[in-house]
1. Give me a count of the residues in the stretch B:59-74 that are within 16 Å of B:Phe104 (Cα to Cα) and either of a type in the set (Val, Ile, Thr) or more than 10 Å from chain A (Cβ to nearest Cβ) (or both).
2. Please verify whether the stretch B:51-64 includes one or more residues that are at negative phi, more than 20 Å from the chain's Cα centre (by Cα) and open to solvent by less than 60 Å² (accessible area, probe 1.4 Å).
3. Name the single residue, out of those in the stretch B:132-141 being exposed (fewer than 14 other Cβ atoms within 10 Å of the Cβ) and over 10 Å from B:Val176 (Cβ atoms), that is nearest to the other protein chains (Cβ to nearest Cβ).
4. Which count do you get for residues in the stretch B:111-131 that are outside any helix (DSSP H, G or I), facing chain A (nearest Cβ under 7 Å) and open to solvent by less than 30 Å² (accessible area, probe 1.4 Å)?
5. Quickly run through the stretch A:170-192 and pick out the residues that are farther than 21 Å from A:Thr127 by Cβ, touching a strand residue (DSSP E or B) at 6+ places or on another chain (Cβ under 6 Å) and either open to solvent by 40 Å² or more (accessible area, probe 1.4 Å) or within 14 Å of chain B (Cβ to nearest Cβ) (or both).
6. When residues of the stretch B:65-87 are filtered for being open to solvent by 10 Å² or more (accessible area, probe 1.4 Å) and part of a loop (DSSP other than H, G, I, E, B), how many remain?
7. Residues of the stretch B:94-110 being at the interface with another protein chain (Cβ under 10 Å from one of its Cβ atoms), crowded, with 18+ Cβ neighbours inside 10 Å and under 27 Å from A:Phe56 (Cα atoms), which ones?
Amino acid sequence: MARRRRQLEPKGKDEDVRMTAGLITAGVVSIVIVASMFIAPPANVGPEEGSLAPDFVASAYNGGNWEEVRLSQLYDGRLVLITFLDTDCPHCWTEAEYLSEIFDGTSGEVMFITIAVELQISGHESTREEIEAFRDKTQFGDNQNNGDGCYSGRKNCAERPGAPHSWMYVDDLSSSIAGEWELPGTPFNVILDGEGTVVWNQAQTENHPPGEDMGEALLRLLQEGE
Amino acid sequence: MANPLADPVLLFFIAGLFASGYLLANGRGKKGLEGTNRMLDGSLAFATTGLLGSAWTWVIYNDLVRNPLGGEFCATEGFVQCGSVIGDPRYNNFFGISWGMLGFTAFATLFFLILCIRMDPLAKWSEQYTNYAWWLGLAGVPFLFILVGIEVFVVQHICPFCTIAHIALVGYLVSVWMLRERREISAWY
């Protein structure tokens, strides 16, 4: 009986079809990927020069309230200077003064955006109030080394050199934007063209004239654009 | 694009879902291997619709990365649109990989498993592959809930092509569940 049942039981194919199925699947996948890339090629996104700048949606302070902004919706044809800084970083203290000078020198031809991050260093704990005070140069903290205020909590933010800044400061205390932009440290500058392509990255010195800093790069790019 | 529901590509995908459902229902009514094969065709059609639907969301993603203010392949305004879902950098990727590409990879795997069974439903390994197809499909369900949750509760917009991929996964799971049931009641052949 068992022998008869075994004989009636249908058997699979002699050859293993899985290899053929794998090849068919690979073929279908390849055709679909090639067709998709033909219809809409993937953009090269990243902080490197020549790439499309990573987009972000974040809260930004423009002197009034904190409002949600999206980077790609801000492009208006002008060059965009993106500066990452930490309100507690001593080098950012002096960078802020340099930014004020460049802002005055470029007379509206460049859009300035500062992204405030919080480096994972003791004494660099920051808040939105501290970011506002750094931007506006208002009273925040004191000059005691007690963790209050800017400059590793050692200075009152109102004493920051340079003029108050009139451009937007983006809250990236969570470091999510910094992660996507592969932030190596602060201060860090990236310049975008009017459509969001990275045209100058501070870390890619090999692509720039020797010793060129962010201010010089902006002037060069503005001249090239004329 | 004014009305995404009048999009011929979307209509093509909707037709794909209906065709998949028809094949599945048709196979269920038939006995023996013929019915099983027809149901497997239904499963394969769901996987193909999901695969193509996911690939299309990847196309839209690539388009919206380049043209964030308004892409060419899907509406960016209205309740049913892609701009607020696929175009939003906060929700359109999973650790940097677009959801469309992830869905495409997942559906390609499911497609392969069902194709193997369809090409030799009587093979010794076909039961094991049916189980793999079930459990792998089920692994996509938490992501489906997350994405639908984001659409409904966070961005409050519905992305039509994402919905095609979601329905394709549900249809695929239903089909594989029916296939497993068919084995259990010894109606496979």
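1. First, the residues of the stretch B:59-74 that are within 16 Å of B:Phe104 (Cα to Cα): B:59-62.
Within this subset, residues satisfying the condition of being either of a type in the set (Val, Ile, Thr) or more than 10 Å from chain A (Cβ to nearest Cβ) (or both) are B:59-60.
The total comes to 2.
2. Initial filter on the stretch B:51-64 (at negative phi): B:51-64.
When the remaining residues are screened for being more than 20 Å from the chain's Cα centre (by Cα), the result is B:63-64.
Adding the requirement that they be open to solvent by less than 60 Å² (accessible area, probe 1.4 Å) leaves B:63-64.
The answer is yes; a qualifying residue exists.
3. Checking each candidate, the answer is B:Ala139.
4. Going through the stretch B:111-131 one residue at a time, the tally reaches 2.
5. A:Leu192
6. Number satisfying all stated conditions: 15.
7. Hits for the stretch B:94-110 are B:Ser98, B:Gly100, B:Met101, B:Phe104.
To keep it simple, each residue is scored yes or no on (1) in contact with a Phe, Trp or Tyr (Cβ under 9 Å, 6 or more places away or on another chain); (2) modelled with pLDDT of 95 or more; (3) under 26 Å from B:Ala187 (Cα atoms); (4) among the β-branched types (Val, Ile, Thr).
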{"site": "B:Arg28", "(1), (2), (3), (4)": "no, no, yes, no"}
{"site": "B:Trp56", "(1), (2), (3), (4)": "yes, yes, no, no"}
{"site": "B:Ile60", "(1), (2), (3), (4)": "yes, no, no, yes"}
{"site": "B:Val80", "(1), (2), (3), (4)": "no, no, no, yes"}
{"site": "B:Val85", "(1), (2), (3), (4)": "yes, no, no, yes"}
{"site": "B:Ile97", "(1), (2), (3), (4)": "no, no, no, yes"}
{"site": "B:Leu102", "(1), (2), (3), (4)": "yes, yes, no, no"}
{"site": "B:Arg118", "(1), (2), (3), (4)": "no, yes, yes, no"}
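The values are calculated or read from the model by the stated rules, or taken from the named source; none is laboratory data. No experiment lies behind these values; they were computed from the predicted model shown. In this analysis, Cβ positions are derived from the backbone assuming ideal geometry, glycine residues included, and neighbour counts consider all displayed protein chains. Ligands, DNA and RNA are excluded from the accessible area calculation, which covers all protein heavy atoms including side chains. Shrake-Rupley method; radii C 1.70, N 1.55, O 1.52, S 1.80 Å.
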